[in-house]
Structures are given as C-alpha cells and as structure tokens.
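*Asks:* Could you have a look at this structure, given as structure tokens, before my questions?
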There are 2 protein chains.
Amino acid sequence: MDDTNGPIRMTDHTVRAFSEQLEGLSALVAQMGGLAEAQFAAAIEAVSRRDSVAAENAVGGDARIDAIQQEIEDRALKLLALRQPMAVDLRETLAAIKTAAELERIGDLAKNIAKRALVLNREPPIRLTQSLARMGKVALSQLKQVLDSFSSRNAALAEQVWNQDGEIDEIYNSLFRELLTYMMEDPRTIGLCTHLLFIAKNIERCGDHATNIAEVVYHMVRADHLAANRPKADFTSETTIPFEIHQA
Amino acid sequence: MDDTNGPIRMTDHTVRAFSEQLEGLSALVAQMGGLAEAQFAAAIEAVSRRDSVAAENAVGGDARIDAIQQEIEDRALKLLALRQPMAVDLRETLAAIKTAAELERIGDLAKNIAKRALVLNREPPIRLTQSLARMGKVALSQLKQVLDSFSSRNAALAEQVWNQDGEIDEIYNSLFRELLTYMMEDPRTIGLCTHLLFIAKNIERCGDHATNIAEVVYHMVRADHLAANRPKADFTSETTIPFEIHQA
C-alpha cells in the first residue's frame, strides 16, 4: 500500500479513512462557528442589555476559539501532507483553514466588543446603544446564514449573504453620523461614544468576515470566485463632517 | 511518469519543475509584499505631508494587490493539487496563501488611511497628524522587517518582529488619549479627529498583520508555533475616560 517512491496510493480503506478525517475537520469548523456565533451574540447582549456577565463570558470564551483554530490548522496540514487531497477535497481542506481564520477574527472582535461593554456598563446609559444592538443582530443573522451555507455546502445561500453586506454598512453609516452629532452636542460623552464608535466598527467588520466566509464557501462548492468587486457601502472614511454641525 | 493509480511520482524533472513553481510562488508573495509596503508608505506620506497625490496612488494601487492575492491562491491551489508537496514545501505553499491574505488586508488598510487623508487634506491641519506619522513609520519598519524574514526564511527575525508589536500599541494608547482630549477641548474638531482615530487604529491593525505574518514565517521555517499568547498592549478598549477631562 505504501509506495516508497511517492505518496500513499488510495485504496478503499485509505479513501474511507480520508473521508472520515475530512468530515471531522468540517465538523470542527462547524463547532468553532457555533462558538464564535455564541460569543458574538453574548457580546451584543452585553451591549444591548448592559449585561456584564454576558460580557465576561464573551471575553473568556475567546481562548477556546483560538485553540480550535490551531487544531483545525494542524489537522488540515496533516491531512494535506499525508492524504494529499485533490479537487473538491483539497478545496474543502483549504476552506476549513480559511474559515477558521475568519472565525478566529470574529472571536477577537466579540472579545473587544465585550470589553468595551464592560466599560460602558459602569457609566450612565447612552441612547444609541439600541441602534448598535440592532446592527449587531443583522450581523449575527448573516453570520448564522453563512455558517449554515458552510455546513450545507450551499453556494446559493453563500452568495445571498455576500450580497447582503451593504445592509450592515448602511446602518453603520447612519449610526456613525448619529454618534458624531451626539458627541458634538455633549462633549462630556466623547470618551464613551468612542467606545460605541469602535463597537459599531467591530460589528461592521464582523459583517465583512461573514462576507469573506461566503466567498470561501462559494469557492469550495463551485470551484469559482465570486465577483472580485464585493459589495461595499461603508463611506464613512470619505465623509467630511462640517464644522457647523456641532452648533445644531 | 504519470501513475494512473495515484499522484505523479517525483522524477528529477518533476522535482526541478516543482521547485521552480514554488520559487515562483514565493517571488510573487515578495512582489505583493513590496507593493503593500509601498502602498502603506504612500498612505502614511499622504497623512504626514498632506500629500493628496500619494493618497490617490495608495487608493488606486489596491486593486493590483487584490489581483496578485488571487493569483497566489490560484497558483498555490494548483501546486497543492498537482504536485502534492510535503513537509517544508507544504508549509511554504500554505505560508504563501496565508501571507498573501495578510498583505491583502494591509492593502485595504492603506487604502482606507489614504481615503481619510484625502478628507483631512481638505481641512485645516491638526497638530496630532505628526504623532500618527511617527506611529506609521514604526509599523512600516515592522512590515519591512517581517517581509525580509519571509524572503530570507529567517525565523529569528520573524520572532523579533513578533516581540515588537507592543511598541505600536503603546504609541496608539497615548495617541488615543491625546485625541480624546483634543476633541473635548474643541468639539468642532470631532469629525476630523474621528478620522485620525480610525487612521491610528488602522496603523495599529497593520502592526497586528505584521505580527501575524511573523507567526506564519516562524511556522514555515521551524514547523512550530510561536507562543499562543501574542504580545498585546492595546488597552484602549478597557479604558474609561472620565467625564471631567473635557474641562481641563
């Protein structure tokens, strides 16, 4: 069975073992996805309900997510080295590595949001946290959908998520303007509003990572790339806020 | 040469062809690194010298970087499928994919910084842009070093970069506080300072990506992971800015 001049030949036995390992890898990604989703949900709860216990959970859970990412990478590398998958199996193995990398970043973002929530929860409530929570829910729903598309190998669903990214960006744009106006009206809130600003940005980035995963899933299933020009509608980097607004 | 029951056997000829393809892949990553570095440098120039031409270049150059990333991925996938590299060759191929992903994000960050510079350059200068430029130079130097470590397969240099990440975070922390104070003292600057705040955050993230590349290089060369607990010294997410500061 073992060819000393080159890689292992595929017998029925090795094919079965390989397919089990690939399924195991995929299941681990799904598990990591579930954890990242739960952690992101807890971070949003921490903001919307001023729930510091949820915040502590979201901060504490990140190490587990990091550990799973490491395991996915190590397993995928072994699989590539020992089994040398081809075509769709190769794409699945790489999709596991790439999806895990995106999920790891979502875990980081959730942790960062939760840390900021802990600070916010020590101070008087700010009205705009509710808009943030709404934005968070949209991002969470996209994350759920894209994880479903990964598990069910559904390229059409992945493409749908990919097309939705503009929605989060629009909420972000309007929230961004609201936040600036709020700060200008009451400069004592600048410190706290800065946290809200970064929470909003982090939620928007979570949406971007969901979009990235959608691209990975699409490529895994269809062996083709979603259009190079992804939907992009966060224009806040190009916005000038006129000096006069603060007097409104 | 072609074994119909399995992958291609390695003859002298295929070994040579393989090693040429791997070198080609590596050279493409180096080229992409050079472009990302140039684009990031232009973005920092755009901020520090109020140079809108540099800014336009940095914005326009991003598409090229994205295209190279796509090519690196496609080539790496073909290499994995057709050549089925093992051990260090496998790690090099994966390192190319992962480094390209980090560089793509650095390109995005440079583009975002440059867009914000275009806005800032239309408004009166703000003193703090110089601190930003200093921070940008530190990040740029880390990016240079880590790209050198990639090209020279130097794990020790990669580890050195990895250990330096705290420096950027420290500058970021102090700049962050300066910016908040500045906004509180003159709320008319809030809109512009928000751009500075995000530029600072983007530079800090560029440092993070350099650190990620350092981890990739280390693993590629040593087949081992840098400690799971990376240096982390951005504490701004945990900072409360007291309401009283604005009255100072």
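*Asks:* Can you give me the Kirkwood hydrodynamic radius for region A:104-171, using every pair of distinct Cα atoms, in Å to one decimal?
*Replies:* Details: mean 1/r = 0.0730 Å⁻¹.
Taking every pair of different Cα atoms in region A:104-171, averaging 1/r and inverting gives 13.7 Å.
*Asks:* Sticking with this structure for a sec: Between the helical axis of A:12-48 and the dominant principal axis of chain A, each derived from Cα atoms, what acute angle in degrees is found, rounded to the nearest 10?
*Replies:* Roughly 10 degrees, rounded to the nearest 10.
*Asks:* To the nearest whole number, what is the average tally of beta carbon atoms from other chains within 10 Å of the beta carbons of peptide A:110-119? Mind showing how you got there, number by number?
*Replies:* On the way: counts 0, 1, 4, 1, 1, 5, 4, 1, 3, 6.
Averaged over the peptide's residues, the number is 3.
*Asks:* Could you tell me which residue out of B:Ile126, B:Gly33, B:Phe150 lies farthest along the dipole of region B:12-247 toward its positive end? Charges go on the beta carbon: Lys and Arg +1, Asp and Glu -1, centred on the Cα centre.
*Replies:* B:Ile126
*Asks:* Counting partner chain Cβ atoms within 10 Å of every residue's Cβ in B:204-217, what's the average?
*Replies:* Numbers: counts 0, 1, 0, 0, 1, 0, 0, 0, 1, 0, 0, 0, 0, 0.
Taking all residues of B:204-217 together, the mean is 0.
*Asks:* Okay, moving on. State the answer as a single residue: which of A:Leu103, B:Gly207, A:Leu79 lies farthest towards the positive end of the charge dipole of the protein assembly as shown, with beta carbon charges of +1 for Lys and Arg and -1 for Asp and Glu, about the Cα centre.
*Replies:* Value computed over the given set: B:Gly207.
*Asks:* Sticking with this one: How crowded by other chains is B:184-197, given as the mean number of beta carbons from other chains within 10 Å of each beta carbon? Working shown, then result.
*Replies:* Values: counts 6, 1, 3, 10, 8, 4, 13, 12, 3, 5, 10, 6, 0, 4.
Mean shielding by partner chains, rounded to a whole number: 6.
*Asks:* Still on this model: What is the interface area between chains A and B, defined as buried accessible area summed over both chains with a 1.4 Å probe, reported in Å² to the nearest 100?
*Replies:* Using a 1.4 Å probe, the pair buries roughly 5000 Å².
*Asks:* Further question on the same structure: From the helices alone, meaning DSSP H stretches of at least four residues, give me the mean residue ellipticity at 222 nm for the protein assembly as shown, per-run term -39500 (n - 2.57), in deg cm²/dmol to the nearest 500. Could the numbers behind the result be given before it?
*Replies:* Working: 13 runs with 379 residues, N = 496.
After summing the helix terms and dividing by the residues of the protein assembly as shown, the value is -27500 deg cm²/dmol.
*Asks:* Could you give the length gained on full extension between B:Ala27 and B:Gln160, defined as 0.36 nm per residue of separation minus the Cα-Cα distance, in nm?
*Replies:* Numbers: separation 133, 0.36 × 133 = 47.88 nm, distance 2.29 nm.
Value of the extension gain: 45.6 nm.
*Asks:* Give, rounded to the nearest 20 debye, the magnitude of the charge dipole that the protein assembly as shown has about its Cα centre when Lys and Arg contribute +1 at Cβ and Asp and Glu contribute -1 at Cβ.
*Replies:* With only Lys, Arg, Asp and Glu charged at Cβ, the dipole is about 540 debye.
*Asks:* Suppose every Lys and Arg Cβ carries +1 and every Asp and Glu Cβ carries -1, with no other charges. What dipole size does region A:33-139 come out with about its Cα centre, to the nearest 20 debye?
*Replies:* My answer is approximately 400 debye.
*Asks:* Any idea what % of Cα-Cα pairs in region B:124-233 are farther than 18 Å?
*Replies:* Details: 3089 of 5995 pairs.
Counting every Cα pair in region B:124-233, those more than 18 Å apart make up 52 percent.
*Asks:* Oh, and also: Working from Cα positions, state the angle (0 to 90°, nearest 10) between the long axis of helix A:155-185 and the longest principal axis of chain A.
*Replies:* 20
*Asks:* Let me ask something additional. Which trypsin sites (Lys or Arg not before Pro) from region A:112-142 combine a DSSP loop assignment with at most 15 other Cβ atoms within 10 Å? Please list the in-between numbers first.
*Replies:* On the way: sites: A:Lys115, A:Arg116, A:Arg122, A:Arg127, A:Arg134, A:Lys137; in loops: A:Arg122, A:Arg127.
Of the trypsin sites (Lys or Arg not before Pro), the ones in loops of region A:112-142 whose Cβ has at most 15 other Cβ atoms within 10 Å are A:Arg122, A:Arg127.
*Asks:* If the limit is 19 Å between Cα atoms, which of A:Lys78/A:Lys144; A:Lys98/A:Lys201; A:Lys98/B:Lys98; B:Lys78/B:Lys98; A:Lys201/B:Lys201 go over it?
*Replies:* Values: A:Lys78/A:Lys144 29 Å; A:Lys98/A:Lys201 22 Å; A:Lys98/B:Lys98 9 Å; B:Lys78/B:Lys98 16 Å; A:Lys201/B:Lys201 11 Å.
Distance filter (> 19 Å) returns A:Lys78/A:Lys144; A:Lys98/A:Lys201.
*Asks:* If you project the alpha carbons of region B:54-97 onto their three principal axes, what span does each projection cover, largest first, in Å?
*Replies:* Sorted largest first, the three principal extents are 43, 17, 7 Å.
*Asks:* Now a separate question. Where the label is 7 Å out from Cα toward Cβ, how close does A:Glu20 come to the same position in every other copy, in nm, shortest first?
*Replies:* 4.2
*Asks:* Over the Cα atoms of the protein assembly as shown, compute the convex hull volume and normalise it per residue, giving Å³.
*Replies:* Taking the convex hull of the Cα positions in the protein assembly as shown, it is 129 Å³ per residue.
*Asks:* Let me ask something else about it. With θ set to phi - 60° and the Karplus curve 6.51 cos²θ - 1.76 cosθ + 1.60, what are the ³J(HN,Hα) couplings of region A:216-221 in order, to the nearest whole Hz, using x for Gly and Pro?
*Replies:* 5, 4, 4, 5, 4, 7
*Asks:* May I pose another question? Nearest 20 debye, what's the magnitude of the dipole of chain B about its Cα centre given +1 on Lys and Arg Cβ and -1 on Asp and Glu Cβ?
*Replies:* Working: 27 positive and 36 negative charges, 80 e Å.
The dipole magnitude comes to about 380 debye.
*Asks:* Determine the per residue accessible area of chain B with all protein chains present and a 1.4 angstrom probe, expressed in square angstrom. Please report the intermediate quantities before stating the final value.
*Replies:* Numbers: 10130 Å² over 248 residues.
Solvent-accessible surface per residue comes out at 41 Å².
*Asks:* Given the convex hull of the Cα atoms of region A:12-247, what is a quarter of its surface area in nm²?
*Replies:* Over all viewing directions, region A:12-247 projects a mean Cα-hull area of 13.4 nm².
*Asks:* While we're on this one: Measuring label to label, 7 Å along Cα→Cβ, what does B:Pro125 give against each other copy in nm, shortest first?
*Replies:* Once sorted, the set of distances for B:Pro125 reads 4.6 nm.
The values are calculated or read from the model by the stated rules, or taken from the named source; none is laboratory data. Because the structure is a prediction, the values reported are computed rather than measured. Positions of Cβ are backbone-derived with ideal geometry, glycine not excepted, and every protein chain shown enters the neighbour counts. The protein model used for the area step is the full one, side chains on, heavy atoms only, and it has no ligands, DNA or RNA in it. Shrake-Rupley method; radii C 1.70, N 1.55, O 1.52, S 1.80 Å.
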